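Here is the structure we will look at, set down as C-alpha cells.
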Amino acid sequence: MRHLISIRDLDADDITRILDTAEEFTTPAGEPARKYPTLRTRTVCNLFLEDSTRTRISFDIAAKRLSADVINFSAKGSSVSKGESFKDTALTLDAMGIDAVVIRSASAGAPLLLSHYLDVPVLNAGDGWHQHPTQALLDLFTIRQHFGRLDDLHVAIVGDVLHSRVARSVIEGVTAMGARVTLVAPDTLLPPSLAPWDVEITTDLDALLPELDVVYLLRVQRERMSSGFFPSSREYARFWGMNVERLARMKDRAVVLHPGPMNRGVEITADVADSDAALVTDQVANGVAVRMACLYLLLGSGEPQQEAA
Amino acid sequence: MSSPARSAGEVGRSATARQVLTADDLSRAVTRLAHELLEANKGPQGLVLLGIRTRGVPLAWRINEAIRQIEGAEVPTGAVDVTLYRDDLQHRGPLPLGQTEFPCPVDGRVAVLVDDVLYTGRTIRAAMEAVLEFGRPSAIRLVALVDRGHRELPIRADHVGKNLPTATDQRVSVTLAEVDGADGVFISTNSRGGDSEGGG
C-alpha cells in the first residue's frame, strides 16, 4: 500500500490489516488518549482545497497523536486563491520536504493526480463525488466493533447515492468484506449505472427494515432540493427518514450510522440520533484511530522492499 | 503449522543450533530472578511487572507466579508492545502492533521490564519511553533472561538469568512453552548475521 486513494485499491486483507491496526490505537474507556512518538521528525501536510471541519480535525489529531508535525494548507488565503496551478502547488510541497499529503478536493481525481506528482504517500480525504476511503474504513471499523464481524450482515445505504463519495466508498468497502448491500433511494438519487457493484436496489425502506443489521443514512444535501431531485424535506423524511417507529421494526442489535453532519428532522429524527442504536459518536471517535492506522501503515514503509501490501 | 512462533522453535532445534539452557535451567533461572528481584526491592510491595512483547510477556507471568509461591503476594503484571516506540520504523516498515496493557497506574511504583534477550538495548529504550509516556514510576528496573552483549546504548540489566557471550553473527533464540511449545535457549550461527528477532 503506497497511497490511499480509493477503497477499490484495497482487498479484504488490506482492509482487515488497517482495522486491526486501528484497534490498537483506540483509547480504552476512561483512559486519556495516548500519544506515540512513532512519526516524530515526519511532516504531514493537510491540503484542504474544499471546506471540511470534522475530517480535517480528525486527520490533524491523528497525525499529532503519532507525533508528526502537521501543516494545514487550505485553499483560502493560500497561493491557490492567487491562481497557482494544482501541479505547481504539488511541486512546491514536494520541494519543502513533506512526508505525506492528506488531500480534500471538490474535484474527483485530484488525489490520484497528486500521487503522480509526488513521491510521498497521498491520502484521499474526499474528492468530489468519487471517494472518501477513510470514512468507509471508520464505518467498517465501527460496524465490526459492534457486531464482531463484517461478513453475513445486511447493510442498507439510504439516500443520495448519486452525489455521495461516502456512499461509493462505503458500498465498495462493505461488499469487499462480504456483507450484503441494498441501496434505498428514489430513482433520481441513484447513479445511472450500478454496473461494478454487487448491490440490490429498492425504494421501499419499510419492507426492508426487519432484515437489516445496519442502516447507513446519507446526508441530504439541501442544495439538491431546489434542483428537483426530491420534492421537499418533509416528503423525504416520510419515505426515507429514520424515526423511532422505523427503528422499532428493526432487529434488536441493529444500528444506525451517519457520516455527519446530520440534518435532524430530515434523514434522521432527533430521538433516533440520540438513541443507543445510533453509533454516530463512535464513528467520530473511531475516525481518529483509523486515520492513525492509515498514517502509520503508509508512512511506516520507508524502503520499497519492505512493501508488505 | 508454519506460524512464526513455531518456526522460531524450529530454528532453535536445527542441526547447527546449540542448546545453552534446558527447560530445567530456564525454570531455575526464573526462580532465581524472582528471588533477586524481591531481595533488591525488599519484598513485593510496589512492584509492577511489564513483559516486553512477545516472549517477555510469558516470562513476566512466570516471575509473577514464582513471587506468588515465594511470598504469597500477587504482583500486578502487564505487557508492553514497543512497536510504536521503535527508532527504526523507516527501515523496517510498519510492523503489526500488539497490545500494551498496564495492569495499574505506574506512578510511584517500581516498573520492572522483563525481556527474553538483551542485545542492542534499543528495545529497552523504546519500552522505557512507553512506560514514561504512561506515568512516572519511582524507578524502572530491567530483568533479562539472557544478556548476549553488543549494546548500542548505555543500558544494563539489573537482573540477568544467563550471561551469554556471543558474536554478532550468532543468533540467540529463546523458546517458551506458551509461545513455541517448549522451553529452551539456543545459540546458532546465522550466515546473514544479527538477530532477526529485533535485537532487544
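Please list log₁₀ I(q)/I(0) at q = 0.18, 0.20, 0.23 Å⁻¹ for segment A:65-156, using the Debye equation with identical point scatterers on the alpha-carbon positions.
Listed by q, the Debye log ratios stand at -0.89, -1.02, -1.22.
With a 10 Å radius around each residue's Cβ, average the other Cβ atoms per peptide and rank B:103-115, A:127-139, highest first. Mind showing how you got there, number by number?
Working: B:103-115: 19.8, A:127-139: 25.0.
The densest-packed peptide leads the list: A:127-139, B:103-115.
Rg/Rh for the protein assembly as shown: what does it come to with C-alpha atoms and Rh from Kirkwood? Please report the intermediate quantities before stating the final value.
Working: Rg = 26.8 Å, Rh = 25.5 Å.
Result for the protein assembly as shown is an Rg/Rh of 1.05.
Please count, across chain A, the pairs of lysine residues with Cα atoms under 29 Å apart that sit 8 or more places apart or on different chains.
On the way: A:Lys35/A:Lys64; A:Lys64/A:Lys76; A:Lys64/A:Lys87; A:Lys76/A:Lys87.
The number of close lysine pairs in chain A is 4.
Could the peptides B:17-24, A:192-199 be put in order, highest first, of the mean number of other beta-carbon atoms found within 10 Å of their residues?
On the way: B:17-24: 14.2, A:192-199: 10.8.
Result, highest mean first: B:17-24, A:192-199.
Count neighbours as other Cβ atoms within 10 Å of each site's Cβ, and list the trypsin sites (Lys or Arg not before Pro) in segment A:233-290 that are DSSP loop with at most 10 such neighbours.
Details: sites: A:Arg234, A:Arg238, A:Arg246, A:Arg249, A:Lys251, A:Arg253, A:Arg264; in loops: A:Arg249, A:Lys251, A:Arg253.
Within segment A:233-290, the qualifying trypsin sites (Lys or Arg not before Pro) (loop, at most 10 other Cβ atoms within 10 Å) are A:Arg253.
Build a GNM of chain B with springs between Cα atoms under 10 Å: which of B:Leu89, B:Leu118, B:Leu33 gets the top mean-square fluctuation?
For chain B, modelled as a Gaussian network with Cα springs under 10 Å, the answer is B:Leu89.
What translational diffusion coefficient, to the nearest whole µm²/s, does segment B:4-189 have by Stokes-Einstein, given a Kirkwood radius computed over alpha-carbon pairs, a temperature of 25 °C and 0.890 mPa s viscosity?
On the way: Rh = 16.7 Å.
After rounding, the answer is 147 µm²/s.
Return the single residue from B:Ile63, B:Ile155, B:Ile124 with maximal mean-square fluctuation; model: Gaussian network over chain B, springs between Cα atoms under 10 Å.
Residue with maximal mean-square fluctuation among B:Ile63, B:Ile155, B:Ile124: B:Ile155.
Only bridges whose two residues both fall in chain A count here: according to DSSP, what percent of them are antiparallel, nearest 5?
Numbers: 1 of 35 bridges.
Counting DSSP beta bridges with both partners in chain A, the antiparallel share is about 5 percent.
Provide the net charge surrounding A:Arg104, with neighbours chosen by a C-beta distance below 15 Å and charges set as Lys +1, Arg +1, Asp -1, Glu -1.
Working: positive: A:Arg54, A:Arg56, A:Lys76, A:Arg165, A:Arg291; negative: A:Glu50, A:Asp51, A:Asp60, A:Asp127.
Net of charged neighbours comes to +1.
Which of A:Ile18, A:Ile157, A:Ile201 moves the most in a Gaussian network model of chain A with Cα springs under 10 Å?
Judging by the Gaussian network model, the answer is A:Ile201.
What is the antiparallel percent of DSSP beta bridges lying wholly in chain B, to the nearest 5?
Working: 10 of 31 bridges.
Roughly 30 percent of the DSSP beta bridges within chain B come out antiparallel.
Indicate, rounded to the nearest 5 percent, the antiparallel portion of the DSSP beta bridges found entirely in segment A:3-155. All intermediate terms of the calculation are to be shown ahead of the outcome.
On the way: 1 of 17 bridges.
In segment A:3-155, approximately 5 percent of DSSP beta bridges are antiparallel ones.
Please average, across the residues of A:286-296, the number of beta carbons from any other chain that are within 10 Å of each residue's own beta carbon, and give a whole number.
Working: counts 0, 0, 0, 0, 0, 0, 1, 2, 0, 1, 6.
Per-residue shielding by partner chains comes out at 1.
Provide a whole-number value for the mean count of partner chain Cβ atoms within 10 Å of the Cβ atoms in peptide B:124-137.
Numbers: counts 0, 0, 1, 0, 0, 2, 3, 0, 0, 4, 3, 0, 0, 0.
Taking all residues of B:124-137 together, the mean is 1.
For chain B, what does -39500 (n - 2.57) per DSSP helix run (n ≥ 4), summed and divided by total residues, give at 222 nm, in deg cm²/dmol to the nearest 500?
One gets -10000 deg cm²/dmol as the mean residue ellipticity at 222 nm.
Can you pull out the GluC sites (Glu not before Pro) in segment A:1-106 whose DSSP state is coil and whose Cβ has at most 14 other Cβ atoms within 10 Å?
Numbers: sites: A:Glu23, A:Glu24, A:Glu50, A:Glu84; in loops: A:Glu50, A:Glu84.
Counting only loop positions with at most 14 other Cβ atoms within 10 Å, the GluC sites (Glu not before Pro) in segment A:1-106 are A:Glu84.
Okay, helix-only estimate at 222 nm for chain A: each DSSP H run of n ≥ 4 adds -39500 (n - 2.57), divide by all residues, round to 500 deg cm²/dmol; what do you get? If you can, show how the numbers build up before the last one.
Working: 12 runs with 117 residues, N = 309.
That comes out to -11000 deg cm²/dmol.
Given R₀ = 30 Å, FRET efficiency for B:Asp158-A:Asp69 by Cβ-Cβ distance, to 0.05? Kindly include the intermediate steps, with their values, before the conclusion.
Numbers: r = 37 Å, r/R0 = 1.22.
After rounding to 0.05, the efficiency reads 0.25.
Counting pairs of Cα atoms in segment A:133-283, how many percent are more than 20 Å apart?
Values: 4771 of 11325 pairs.
For segment A:133-283, the fraction of Cα-Cα distances above 20 Å is 42 percent.
What does the average come to when, for each residue of peptide B:80-92, you count the partner chain Cβ atoms lying within 10 Å of its Cβ?
4
Mind listing which GluC sites (Glu not before Pro) in segment B:92-191 are in a DSSP loop and have 11 or fewer other Cβ atoms within 10 Å? Numbers along the way, then the final one.
Details: sites: B:Glu101, B:Glu129, B:Glu133, B:Glu152, B:Glu178; in loops: B:Glu152.
Sites meeting the loop and neighbour criteria: B:Glu152.
Listed highest first by mean packing, meaning other Cβ atoms within 10 Å per residue, what order do A:55-64, B:75-84 come in? If you can, show how the numbers build up before the last one.
Working: A:55-64: 20.8, B:75-84: 22.9.
Peptide ranking by packing, descending: B:75-84, A:55-64.
If you project the alpha carbons of segment A:1-117 onto the principal axes, what extent comes out on each, in Å, largest first?
So the extents along the principal axes, rounded to whole Å, are 47, 31, 25.
Every number in this text was worked out from the coordinates using simple rules, so none of it is lab data. Being a predicted model, the structure only gives us computed values, none of them experimental. All Cβ positions, glycine included, derive from the backbone under ideal geometry; neighbour counts span all protein chains shown.
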